[in-house]
Amino acid sequence: TALLTVAQPAAPPTPPVVPAALPIPATPITYGRPTVGLAAAAVQYGENTVLSGTTKPGVLVNVYGFTAPSTRAARLGQVRANSSGVYTFTGRYLANTSLYVIVPRLGMSPVVRQGVRAKLNLTTTKTASNSYAFTGSTAPRRPGQLVTIYFLTATGKAIFVRTYTDARGNYRVSRRVKVYDRSAYTVFAHLDSGVVLLGNNSAAQRITISRP
């Protein structure tokens with residue numbers, strides 16, 4: 001008896017094994033020295049200084065500074081950086097102050113200089129025909145500061161009279177106004193910049209003279 005042979009279908013090919021994707025390790029974030037900056041390069045005497053910068057999130061930032069004419073730094077305070085690494089420190093300084101921050105294990109920031117402008121006011125009082133008294137005060141009240149009274153000209157300014165502050169930071173000087181080609185002048189007081197403080201101008205005043 002003949003046997004009937006039935007061909008068996010070929011087995012399907014085994015699909016290739018695709019290895020599972022390996023997770024890519026996160027690149028660690030490295031932090032360099034903290035940064036630092038000022039909200040304003042100069043502030044008026046009595047105004048706040050706002051210092052800010054960036055560093056590693058959550059770290060403590062130590063703020064250091066020295067005020068002119070000293071060059072010896074002291075720690076002024078400490079603040080913690082937020083979750084974005086931003087920190088802000090507010091202080092008030094009586095003179096030009098150099099500031100920087102230190103973060104442990106990250107180093108020291110550059111040094112920034114906060115300029116502080118002295119305050120200066122001026123009052124003009126007519127004392128006689130074409131004579132005026134110029135009085136005012138400064139803050140901080142420091143003796144021996146040179147105060148210059150200027151008047152405006154068509155091309156700029158010219159010195160009218162100079163004086164110095166007394167022991168209480170006040171000044172007073174009188175002067176007869178020469179009769180030139182006009183009957184009114186705009187005057188203002190000025191303090192020069194120094195190591196301790198930046199200079200400043202007072203508000204302008206208008207004086208009148210009697211022409212012959």
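Where a number appears in this text, it was derived from the coordinates with a stated rule and is not lab data. Worth saying up front: this structure is predicted, and the values here are computed from it rather than measured. Heads up, the Cβs are rebuilt from the backbone with ideal geometry, glycines too, and the neighbour counts pull from every protein chain shown.
Tabulated data
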{"quantity": "Difference of contour (0.36 nm per residue) and Cα-Cα distance, Arg75 to Ile29", "calculated": "13.7 nm"}
{"quantity": "Fraction of beta bridges assigned by DSSP in the range 84-212 that are antiparallel (%, nearest 5)", "calculated": "95 percent"}
{"quantity": "Choice from Thr97, Thr155, Thr67 with maximal GNM fluctuation in the chain (Cα, 10 Å cutoff)", "calculated": "Thr155"}
{"quantity": "C-alpha center-to-center spacing [the range 102-129, the range 66-96] in angstrom", "calculated": "15 Å"}
{"quantity": "Estimated vicinal HN-Hα couplings, Hz - the range 106-114 in sequence order (Karplus 6.51, -1.76, 1.60; Gly, Pro = x)", "calculated": "10, x, 10, 7, x, 8, 10, 10, 8"}
{"quantity": "Simple label model, 7 Å out from Cα along Cβ direction - Ala203 to Thr88, nm", "calculated": "3.0 nm"}
{"quantity": "Calculated FRET efficiency for the pair Ser174/Ala40, C-beta based, R₀ 30 Å, to 0.05", "calculated": "0.20"}
{"quantity": "Length-normalised contact order of the chain in % [C-alpha pairs under 8 Å, at least 6 apart]", "calculated": "17 percent"}
{"quantity": "Sorted peptide list for 98-104, 143-149, 201-207, 28-34, criterion being average Cβ within 10 angstrom, highest first", "calculated": "98-104, 143-149, 201-207, 28-34"}
{"quantity": "Residues Lys56, Lys119 arranged by fewest to most Cβ contacts within 10 Å", "calculated": "Lys56, Lys119"}
{"quantity": "The range 127-171, relative contact order [Cα under 8 Å, separation at least 6], %", "calculated": "45 percent"}
{"quantity": "Hits among lysines - C-alpha to C-alpha of Lys126 under 18 Å, sequence gap 8 or more where chains match", "calculated": "Lys178"}
